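One structure is given below, encoded as structure tokens.
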Amino acid sequence: MAEWLKRGATAESKASNDRAVRDTVETLLADIEARGDAAVRELSNRFDGWDRESYRLTASEIQDCIDQLSPQDLKDIEFAQTQVRNFAQIQRDSMLEVQVETLPGVILGHRHVPIQNAGCYVPGGKYPLLASAHMSVITAKVAGVPRVATCAPPFEGRPAPAIVAAQAMAGADEIYCLGGIQAVAAMAIGTQSIAAVDILVGPGNAFVAEAKRQLFGRVGIDLFAGPTETLIICDEVGCDGELAATDLLGQAEHGPDSPAILLTTSRALAEETMREVERLLTILPTAAIARRAWDSFGEVIVAEDDAEMVRIADEIASEHVQVMTRDPNYFLENMTNYGALFLGARTNVSYGDKVIGTNHTLPTRKASRYTGGLWVGKFLKTCTYQRVLTDEASTLVGEYCSRLCALEGFAGHGEQANIRVRRFGGRDVPYAGKVEAD
């Protein structure tokens, strides 16, 4: 039976925090709905100290941001974007449209139709997370979305040059320097100066995530997102304490509510990792944030064997799952609930976050039980169609349809079938009547 050497925050404290965020977001969304740009401007001033005539950046402002980056900076962004674009295109190419004759004269099919307007949120108030521009904008463009609008908050009182450059290089059609609830609400609801989108994607803080949740239905969203989560699955063959501790704290620095969990079959490795965490927290530049996350949401679990680690990991359903064991493929073959797997010590979550090509917008809070992360398919609607080519086929299907409609008591539905049986089959079917089987 598994043993917890360290536990995280209780469900009750998490729920209390969630309620406070929910109430705040509900109030602010109603204000933006009612007052549009005026409310957006007030909130931007209030939360970001940022005001301007138009929050949309001009072409010259965008170019100025690009010019502030070094040639190496631009080359690095281009490399990362190439990896993201390549993998997104591979995913798109795997999605085949179909058309098949299922019965003589009956054609069924589906097409993958791009969403027409996408809104991409790029977080950047605390760190300028330009990688989120690659993950959202490029993926939307590979899917064929005609209009992609992006929002990112100001960083240190101005548009973040790296984020703006990444948005532009990724192919964004409209770039706004606007953050928080006001940004996602403006894109979803629409204001006097920002046209509404059809889907919202991209990570954000608790308020952005809650705003997306409350706006879902009015627009589509990529997924319900919470704080960054990481789960390290390891044993003494595939990992050591320093490596495990580094990878735990590398994700804990996202925010003070980011869960970082160690799951291992080795008690000695668990204890070594906990000591290494404490050592690294004395030298890590982002230790102030990582410490709070580790103290409040860090966990250390010792399991009996790999099978129990799979069971516990699937129950945790973490966003990121890093596997450093003697047989990482065992977890690839047996785990079912995760946002993304990182297999072996040579890779890590940071590679996926920044550059390797898989998408870093992933399900949190156990949402991996029912969804994967952002990918090209999120920007496509799989829409079916049907065509009946012959009188005989219409009559055959119509007779079955009529009888099934009668079983349900849907006379109007039944007549849609009956009129075609009469016209194309020459059958004497009374109005809203039931076609008898031969």
- [ ] Determine if the stretch 113-120 includes at least one residue that is part of a loop (DSSP other than H, G, I, E, B) and over 19 Å from residue 362 (Cα atoms).
- [x] yes
Open item on the list: With aromatic (Phe, Trp, Tyr) and either in contact (Cβ under 8 Å) with a residue 60 or more places away in the chain or out of contact with any Gly (no Cβ under 7 Å at 6 or more places or on another chain) (or both) as the only criterion, which of 155, 224 stands out?
Closed with: 224
Open item on the list: When you scan the stretch 337-354, do you find a residue that is under 27 Å from residue 89 (Cβ atoms), part of a helix (DSSP H, G or I), of a type in the set (Lys, Arg) and under 19 Å from the mean Cα position of the chain (by Cα), even just one?
Closed with: yes
TODO: Among the residues of the stretch 216-265, write down those that are of a type in the set (D, E, K, R) and within 21 Å of the chain's Cα centre (by Cα).
DONE: 218, 222, 229, 253, 257
Open item on the list: For the stretch 26-40, check the following and say yes or no: at least one residue is part of a loop (DSSP other than H, G, I, E, B), open to solvent by less than 60 Å² (accessible area, probe 1.4 Å) and within 30 Å of residue 365 (Cβ to Cβ).
Closed with: no
Open item on the list: Looking at the stretch 246-283 only, could you name the residues that are of a type in the set (S, T, N, Q), open to solvent by 20 Å² or more (accessible area, probe 1.4 Å) and within 14 Å of residue 5 (Cα to Cα)?
Closed with: 265
Task: For residue 326: the one exception among (1) in contact (Cβ under 8 Å) with a residue 12 or more places away in the chain; (2) open to solvent by 70 Å² or more (accessible area, probe 1.4 Å); (3) in a helix (DSSP H, G or I) - done: (3)
TODO: Inspect all residues belonging to the stretch 65-78 and state whether any of them is surrounded by 18 or more Cβ atoms within 10 Å (Cβ to Cβ) and closer than 19 Å to residue 356 by Cβ.
DONE: yes
TODO: Return the pairs, sorted by first residue and then second, in which the second residue is of a type in the set (D, E, K, R) and assigned to a strand (DSSP E or B), the first residue lies in the stretch 93-118 and is open to solvent by less than 70 Å² (accessible area, probe 1.4 Å) and modelled with pLDDT of 95 or more, the beta carbons are less than 7 Å apart, and the residues are 6+ apart or on different chains.
DONE: 107/101; 107/387; 113/381; 115/381; 117/147
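For (1) of a type outside the set (Phe, Trp, Tyr); (2) on the phi > 0 side of the Ramachandran plot; (3) out of contact with any helix residue (DSSP H, G or I) (no Cβ under 7 Å at 6 or more places or on another chain); (4) modelled with pLDDT under 95, each residue gets a yes or a no:
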position: 379; (1), (2), (3), (4): no, no, no, no
position: 389; (1), (2), (3), (4): yes, no, yes, no
position: 394; (1), (2), (3), (4): yes, no, no, no
position: 416; (1), (2), (3), (4): yes, no, yes, no
- [ ] Search the stretch 254-278 for residues that are farther than 18 Å from residue 312 by Cβ and pair each with any residue that is open to solvent by 10 Å² or more (accessible area, probe 1.4 Å) when their beta-carbon atoms are under 6 Å apart and the residues are at least 6 apart or on different chains.
- [x] 254/228; 255/227; 256/289; 256/292; 257/227; 258/227; 258/228; 276/242
Open item on the list: Consider the stretch 349-369. How many of its residues are on the phi > 0 side of the Ramachandran plot and open to solvent by 10 Å² or more (accessible area, probe 1.4 Å)?
Closed with: 2
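The values are calculated or read from the model by the stated rules, or taken from the named source; none is laboratory data. Just so it is clear, the model here is predicted, and its values are computed rather than measured. Quick reminder, even Gly has a Cβ in these numbers, built from the backbone with ideal geometry, and neighbours come from all protein chains shown. Just the protein is used for accessible areas: all its heavy atoms, side chains included, with ligands, DNA and RNA removed. Shrake-Rupley method; radii C 1.70, N 1.55, O 1.52, S 1.80 Å.
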